[in-house]
There are 2 protein chains.
Amino acid sequence: MATPLHRALASELRDRIRSGAIGVGEQLPSEAQLCRDFSASRGPVRQALAALRDEGLIGGGQGKRPVVLESVPSQPFESFLSFTRRAELTGHVPGQQLQEIALRRPGPTVAAALQLDPQAYAVQLLRLRLLDDRPAMLERMTYVEDVGRPLLDADLNAGSIYALLSGEGVDLYAARHTFDAVAADATDSALLEVPEGTPLLRERRLTRDSSGRPLEWSEDRYRPDVATVTVTNTRSTRPSVSRV
Amino acid sequence: MATPLHRALASELRDRIRSGAIGVGEQLPSEAQLCRDFSASRGPVRQALAALRDEGLIGGGQGKRPVVLESVPSQPFESFLSFTRRAELTGHVPGQQLQEIALRRPGPTVAAALQLDPQAYAVQLLRLRLLDDRPAMLERMTYVEDVGRPLLDADLNAGSIYALLSGEGVDLYAARHTFDAVAADATDSALLEVPEGTPLLRERRLTRDSSGRPLEWSEDRYRPDVATVTVTNTRSTRPSVSRV
DNA sequence: GCCGGAAACTCATCAATACAAGTGCGCGCT
DNA sequence: AGCGCGCACTTGTATTGATGAGTTTCCGGC
């Protein structure tokens with residue numbers, strides 16, 4: 001079995017919602033109807049619906065048909081490190097345009113964040129990320145030299161940097177993400193195709209290996225109408241009985 | 001059936017892990033064994049395991065027994081829900097000014113997010129949060145009626161809503177945060193003391209109880225020069241969210 | 001026309017079974 | 001002894017059937 005049935009169903013339903021075939025607020029077909037439509041049993045259908053519910057695409061409750069909630073593409077947390085992967089998971093087509101890659105001495109702020117000597121070189125790159133061929137995010141990444149070197153020879157318009165580095169044995173282990181908002185400057189405006197001054201979501205990220213050594217510093221700017229960032233967390237300690 | 005079987009199983013397994021009966025790195029019993037132990041079929045057992053996997057407690061894969069992942073000694077749960085708590089931990093002085101509290105029918109978007117009937121009432125409040133007496137964040141919160149009622153009689157300028165609700169036995173279990181950026185509107189401008197159009201960090205949050213029922217919807221807007229939001233994650237642990 | 005309740009519909013839960021696919025261990029062959 | 005193949009075990013996926021519980025619809029009595 002190439003792709004599991006429940007995954008195919010989830011993908012199909014995601015497409016229907018995203019394409020507008022089922023509008024926001026509308027109800028999905030009932031489970032029984034979906035079973036007939038896809039010639040499947042309720043197991044895979046319910047698995048698919050659970051996946052969509054997990055992604056926040058649909059809501060509903062016992063006795064009520066699932067309804068389409070607001071649909072802005074967002075990311076499940078497992079893929080927090082890779083734009084490519086989270087785009088694929090949510091059924092979008094990721095793309096990228098490398099603007100620049102350079103081996104140079106980073107600015108003092110970045111050098112400090114990476115705990116580098118002010119004289120040390122680092123690999124810096126500026127990349128425009130696309131979702132379904134629309135500009136979605138602009139990333140300025142800085143890698144410490146030994147980690148970033150393989151990037152100089154790679155085809156960075158082809159694949160995921162995260163995947164490439166993982167293949168090289170680089171151990172991206174922990175990341176700290178800081179979010180705020182900034183106004184689009186001239187560069188942002190040109191590449192993201194928004195007026196100057198437009199509010200952008202900014203994510204600054206410092207990634208370390210398992211020994212705590214900083215490997216990567218990145219500043220990403222998102223067009224909020226195209227992409228958002230979603231985080232889910234759960235209480236670890238839970239009382240065993242529910243009063244609800 | 002008071003509590004579903006799969007929930008009881010998940011609870012039991014959680015306790016075994018947390019109590020150390022199954023140590024970190026050890027394997028759980030196989031699904032078949034768990035079925036025999038609990039006299040259940042594979043359905044509920046797999047549902048329970050999926051829940052634990054979702055919480056990051058266990059890992060594993062096809063053909064491999066589930067293993068207990070390293071426990072997360074991360075910050076207590078309330079630190080991601082309570083602005084007050086987080087501010088105190090970072091040495092700032094939190095403050096708040098309740099602008100408005102009302103029992104009303106929420107708008108269609110909010111009602112949909114909370115899975116409420118369009119006619120149902122909810123408790124809505126608008127609060128300005130301060131850090132060291134400077135405006136830092138504006139929060140618009142909506143609680144489903146039965147959860148929010150105690151707030152109507154409380155002194156909301158005094159303490160933390162999270163602490164108050166916890167005291168009432170409300171079981172805030174999981175939250176989903178979505179981040180983007182918006183321009184300050186007239187209200188934001190007046191209360192946060194920034195010019196209209198200033199980029200603000202927006203956090204939309206849906207909090208659920210352990211059964212998955214939505215309890216709270218909140219939209220928070222941060223002045224990026226005063227407060228930011230930070231998320232930390234590692235490969236093997238769940239994310240933790242903090243503000244300030 | 002209004003209201004109450006029965007009935008139909010829907011999702012939630014659980015059981016039992018079957019087969020596919022991945023893992024790991026041990027046995028047997030070299 | 002070392003290596004590789006195969007078998008037992010385990011999880012992933014899918015089907016079918018049954019029951020419980022919540023929601024919606026609609027019809028009949030008033």
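Computed from the alpha carbon atoms alone, the convex hull of segment A:77-222 holds 113 Å³ per residue.
Size check on segment A:92-132: the Cα extents along the three principal axes, sorted descending, read 40, 17, 9 Å. Here is the size of chain B from its Cα atoms: Rg then Dmax, 20.8, 65 Å. Once the Cβ-Cβ distance of A:ALA8 and B:LYS64 is raised to the sixth power relative to R0 = 35 Å, the FRET efficiency obtained is 0.90. In units of the compact-protein estimate 2.2 N^0.38 Å, segment B:1-65 shows a Cα radius of gyration of 1.05.
Peptide B:111-118 shows a mean partner chain C-beta count of 2 within 10 Å per residue C-beta. Contact order, relative form, for chain B: 16 percent (alpha carbon pairs under 8 Å, 6 or more residues apart, mean separation divided by residue count).
Legend: mean number of C-beta atoms from other chains within 10 angstrom of residue C-beta atoms, peptide B:170-178, equals 6. Per-residue shielding of A:56-62, expressed as the average number of other chain Cβ atoms within 10 Å of the residue Cβ, stands at 2. Helices in chain B, meaning DSSP H runs of at least 4 residues, each add -39500 (n - 2.57). Divided by all residues, the mean residue ellipticity at 222 nm is -8000 deg cm²/dmol.
FYI, it's all coordinate maths here, none of it is from the lab. The shown structure was predicted, so the numbers you read here are calculated from the model rather than taken from an experiment. Here Cβ is always computed from backbone atoms with ideal geometry, including for glycine, and neighbour counts include all displayed protein chains.
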